[in-house]
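Trainee: Attaching a single structure in structure tokens format; questions to follow.
The values are calculated or read from the model by the stated rules, or taken from the named source; none is laboratory data. Every value quoted in this text rests on a predicted model; they were computed, and no experiment measured them. Note: ideal-geometry Cβ built from the backbone for every residue, glycine included; neighbour counts use all protein chains shown. Side chains included, ligands, DNA and RNA excluded: accessible areas come from the protein's heavy atoms. Shrake-Rupley method; radii C 1.70, N 1.55, O 1.52, S 1.80 Å.
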Amino acid sequence: MKPKTRMWNVQDQPEDLRPDQVAPGVLYLASGECRESGFILRASNAQFTAARWIERDNVDYPLNLAAVEVSTAEDLATQWQEIAADVAF
């Protein structure tokens with residue numbers, strides 16, 4: 001069996017995380033009506049809430065993320081504190 005989500009580590013079949021309950025969010029985000037940017041849409045049980053994505057200062061996407069360059073997952077792990085330096089936890 002697959003977990004509902006890794007975050008919750010629930011091993012039974014989903015009862016409250018059905019595709020039809022989150023599909024309206026996907027359809028809206030993919031539609032021409034959606035003019036929003038920088039949001040993360042969270043969905044569960046036909047309920048939706050949004051969180052805002054905030055970039056660090058001086059980002060010129062996609063040319064310059066004002067970021068730390070890494071070439072391997074190990075480099076990323078080693079430099080994580082610098083990568084996430086502007087993020088409030």
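Trainee: Out of A50, A43, A67, report the one residue that is surrounded by 12 or more Cβ atoms within 10 Å (Cβ to Cβ) and in contact with an Asp or Glu (Cβ under 9 Å, 6 or more places away or on another chain).
Mentor: None of the others qualify; the one that does is A50.
Trainee: What number of residues in the range 53-64 are open to solvent by less than 80 Å² (accessible area, probe 1.4 Å) and among the aliphatic types (A, V, I, L, M)?
Mentor: Residues flagged as open to solvent by less than 80 Å² (accessible area, probe 1.4 Å) and among the aliphatic types (A, V, I, L, M) within the range 53-64 amount to 1.
Trainee: Now a separate question. Restricting the first residue to the range 10-30 and requiring it to be closer than 16 Å to A50 by Cβ, which pairs with a second residue that is at pLDDT 90 or above and of a type in the set (F, W, Y) meet a Cβ separation below 6 Å and a spacing of at least six or different chains?
Mentor: What qualifies is G25/F48.
Trainee: Across the range 1-35, what is the total count of residues that are outside any helix (DSSP H, G or I) and either modelled with pLDDT under 85 or not acidic (D, E) (or both)?
Mentor: 22
Trainee: Kindly provide the set of residues from the range 37-51 that are modelled with pLDDT of 85 or more and either in contact with a strand residue (DSSP E or B) (Cβ under 7 Å, 6 or more places away or on another chain) or more than 16 Å from Q21 (Cβ to Cβ) (or both), ordered by number.
Mentor: Once the filter is applied, which keeps residues that are modelled with pLDDT of 85 or more and either in contact with a strand residue (DSSP E or B) (Cβ under 7 Å, 6 or more places away or on another chain) or more than 16 Å from Q21 (Cβ to Cβ) (or both), the range 37-51 yields F39, I40, L41, R42, F48, T49, A50, A51.
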